[in-house]
Amino acid sequence: MKHCFSQDRLVNRIAGFAVMAFVCLSATTGQGAKKGGHPNTSEWINLFDAKLSNALGAEDWKVKDGVLVAKTHHTLWTRESYGNFVLDLEFKVAKESNSGVFLRAGDMKKVLSALEIQVHESKDGSKYGMVGAIYDALPPSESMAKPVGEWNHFTITCDGSQVMVVFNGKIVIDADLNDWPEKGKNPDGTPNKFPVALKDFSRIGPIGFQGLHGKAQAPVWYRNLKIKPLK
């Protein structure tokens with residue numbers, strides 16, 4: 001896939017990748033992270049409190065022993081908006097589970113106003129609907145999903161236009177949203193469902209977790225949701 005960059009854009013992109021590299025290096029060096037790219041989150045902020053008092057849609061979810069699971073199809077949203085951050089979490093799927101992590105939603109009432117990192121037992125009908133993908137925009141570089149019933153680990157970094165996903169120890173998404181300058185079209189030429197170009201998506205907004213979704217309405221369990229805001 002061939003790209004042409006102006007000098008200014010090339011400089012900005014190099015700077016962006018430098019920031020992302022620093023985040024990954026910090027996650028794997030002196031902070032006590034386990035080998036493979038996931039950070040030590042012991043001093044990070046809990047995304048939600050134990051009673052979900054800082055969440056929107058809490059009545060449609062339940063918490064038991066620190067594990068979140070949806071009771072309905074409604075999304076659980078943070079009350080707070082986040083711009084640049086690293087989000088660390090674990091999830092477990094059942095057979096035919098379908099969920100997702102929404103990032104920096106521009107409008108909580110419009111699902112397609114947010115990037116979604118797909119959480120799935122396998123994949124849905126979308127070309128890029130497999131677990132670990134940026135939904136309908138970019139597939140993961142490789143499949144890292146563990147079998148049904150085992151815990152998976154995401155570390156998701158959003159920093160300006162840069163989005164990175166570490167999935168069970170491997171970087172599977174390393175994207176620059178500026179590479180999506182057209183609405184309804186991905187850089188590889190495939191169509192997507194988004195009415196706004198991804199480069200123009202909101203760079204600040206709440207984080208959400210999709211409730212029961214898909215034909216099976218199978219649950220997804222989340223735990224150890226931690227966030228570290230970036231300057």
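I'd like the full set of residues that are modelled with pLDDT of 95 or more and closer than 17 Å to Gly184 by Cβ, limited to the range 111-132.
Once the filter is applied, which keeps residues that are modelled with pLDDT of 95 or more and closer than 17 Å to Gly184 by Cβ, the range 111-132 yields Leu112, Ser113, Ala114, Leu115, Glu116.
Here is a yes/no grid of residues against (1) of a type outside the set (Phe, Trp, Tyr); (2) at pLDDT below 95:
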position	(1), (2)
Gly16	yes, yes
Ser26	yes, yes
Gln31	yes, yes
Trp44	no, no
Asp49	yes, no
Asp60	yes, no
Val67	yes, no
Tyr82	no, no
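I want to confirm something. Restricting to the range 58-105 and keeping residues that are β-branched (Val, Ile, Thr) and part of a strand (DSSP E or B), which single residue is surrounded by the fewest Cβ atoms within 10 Å (Cβ to Cβ)?
Val67
Look through the range 112-125, keep the residues that are touching a Phe, Trp or Tyr at 6+ places or on another chain (Cβ under 8 Å) and touching a residue at least 24 places away in the same chain (Cβ under 8 Å), and return whichever of them is nearest to Asn192 (Cα to Cα).
Restricting to residues being touching a Phe, Trp or Tyr at 6+ places or on another chain (Cβ under 8 Å) and touching a residue at least 24 places away in the same chain (Cβ under 8 Å), the top hit is Leu112.
Given the residues Val166, Val131, Val148, which is the only one that is part of a loop (DSSP other than H, G, I, E, B) and under 13 Å from the mean Cα position of the chain (by Cα)?
Val131
Only residues in the range 179-203 that are surrounded by fewer than 14 Cβ atoms within 10 Å (Cβ to Cβ) count as the first member; pair them with residues that are in a strand (DSSP E or B), Cβ under 7 angstrom, at least 6 apart or cross-chain, and list the lot.
Partner pairs satisfying both residue conditions: Gly184/Pro191; Pro191/Lys185.
Condition check: under 27 Å from Val67 (Cβ atoms), among the charged types (D, E, K, R) and under 14 Å from the mean Cα position of the chain (by Cα). Does Glu121 satisfy that?
Taking the combined requirement at face value, the residue does not satisfy it.
The values are calculated or read from the model by the stated rules, or taken from the named source; none is laboratory data. Treat the numbers as computed from the prediction; the structure is a model and nothing was measured. Every residue, glycine as well, gets a Cβ built from its backbone with ideal geometry; the counts of neighbours run over all protein chains shown.
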